[in-house]
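Asks: Have a look at this one before I ask anything.
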Amino acid sequence: MNKATTLIRKHLEQYNPGSAESFFLAHGLEMPWRQFPSELQGGEKKYCYENAYRLAMRSGLIYCEGMVLRNFPIPLSHAWCLDGEGFVVDPTLPDPEPGEIRTYFGVAFPLPFVTNLREQIGQACISDDGGGRCPVATKYGNGDILLS
């Protein structure tokens, strides 16, 4: 486990059971990234959940939610996609500058599940309801719905 992943896991350990952070800690994985494909279109800054969802819908990529660590010290809640080889495709953040540390840690969800849960809860983010509770954990706390 690299230093950045260790830092993310320590950050997540602070949160209560039932939170998005505790769900990510229990089920999350580090996901490698590479340069954003030039043939794909990115999205608006600060709209990562919508950007990732739209990209997954358009391109067939896998939708993910979790934490991203850009340099140090605080990981941020974020959404991105995975390509068929398991690499992060992030439609929101620009590609890292040379020497920038970028670590993604999260979970991958089947797109039909994401679509259904977004409609049920009425928001773009499926891992946090804004009140400290995780809709995914409430329905699927054991991780059965996750892609491996």
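The values are calculated or read from the model by the stated rules, or taken from the named source; none is laboratory data. Everything numeric in this text was worked out from a predicted model, so none of it was measured. Cβ atoms come from the backbone with ideal geometry, glycine included; neighbour counts cover every protein chain shown.
Asks: Read through the list (1) more than 22 Å from H11 (Cα to Cα); (2) more than 12 Å from the chain's Cα centre (by Cα); (3) touching a residue at least 60 places away in the same chain (Cβ under 8 Å), then give the number of the only condition that I62 fails.
Replies: Failed condition: (2).
Asks: While we're on this one: Between a first residue in the range 39-57 that is more than 15 Å from F109 (Cβ to Cβ) and free of Cβ contacts under 8 Å to residues at least 12 places away in the same chain and a second residue that is crowded, with 17+ Cβ neighbours inside 10 Å and among the hydrophobic types (A, V, I, L, M, F, W, C), which pairs have beta carbons less than 8 Å apart while being 6 or more apart in sequence or on different chains?
Replies: Once the first residue is more than 15 Å from F109 (Cβ to Cβ) and free of Cβ contacts under 8 Å to residues at least 12 places away in the same chain and sits in the range 39-57, no partner that is crowded, with 17+ Cβ neighbours inside 10 Å and among the hydrophobic types (A, V, I, L, M, F, W, C) comes close enough.
Asks: I would also like to ask the following. Going by the conditions given, is L12 at pLDDT below 85, buried (at least 17 other Cβ atoms within 10 Å of the Cβ) and not β-branched (V, I, T)? Full working, then the answer.
Replies: Values: at pLDDT below 85: yes; buried (at least 17 other Cβ atoms within 10 Å of the Cβ): yes; not β-branched (V, I, T): yes.
The answer is yes for L12.
Asks: Would you confirm whether or not the range 115-136 contains a residue that is modelled with pLDDT under 90, acidic (D, E), within 22 Å of E39 (Cβ to Cβ) and out of contact with any Leu (no Cβ under 8 Å at 6 or more places or on another chain)?
Replies: no
Asks: So which of E44, E50 ends up being acidic (D, E), under 25 Å from L117 (Cβ atoms) and in contact with a strand residue (DSSP E or B) (Cβ under 9 Å, 6 or more places away or on another chain)?
Replies: E50
Asks: Within the group T6, T92, which residue is at pLDDT 90 or above and β-branched (V, I, T)?
Replies: It is T92.
Asks: Could I ask something else about it? If you take the residues of the range 65-119 that are acidic (D, E) and under 15 Å from the mean Cα position of the chain (by Cα), which of them is farthest from C134 (Cα to Cα)? Walk me through it before giving the result.
Replies: Step one: list which residues in the range 65-119 are acidic (D, E), which gives 65, 83, 85, 90, 95, 97, 100, 119.
After this cut, where a residue has to be under 15 Å from the mean Cα position of the chain (by Cα) as well, the list is 65, 83, 90.
On the way: E65: 12, D83: 25, D90: 22 Å.
Residue satisfying both the conditions and the ranking: D83.
Asks: Filter the range 15-56 down to the residues that are closer than 17 Å to S77 by Cβ and among the polar types (S, T, N, Q), then identify the one that is surrounded by the most Cβ atoms within 10 Å (Cβ to Cβ).
Replies: Within the range 15-56, the match that is surrounded by the most Cβ atoms within 10 Å (Cβ to Cβ) is N51.
Asks: Does F72 satisfy being at pLDDT below 95, surrounded by fewer than 16 Cβ atoms within 10 Å (Cβ to Cβ) and of a type in the set (F, W, Y)?
Replies: The answer is yes for F72.
Asks: List the residue pairs whose Cβ atoms are under 8 Å apart, where the first residue sits in the range 18-31 and is over 11 Å from F105 (Cβ atoms), the second is at pLDDT below 85 and of a type in the set (K, R), and the two are 6 or more positions apart or on different chains.
Replies: What qualifies is G18/R133; S19/R133.
Asks: Could you tell me whether D83 is at pLDDT below 90 and either under 19 Å from G18 (Cβ atoms) or not basic (K, R) (or both)?
Replies: Against the criterion (at pLDDT below 90 and either under 19 Å from G18 (Cβ atoms) or not basic (K, R) (or both)), D83 does not qualify.
Asks: Within the range 67-102, can you find the residues that are assigned to a strand (DSSP E or B) and touching a residue at least 60 places away in the same chain (Cβ under 8 Å)?
Replies: Initially, the range 67-102 is screened for residues assigned to a strand (DSSP E or B), giving 67-70, 76-82, 88-89, 102.
Hits for the range 67-102 are L69, R102.
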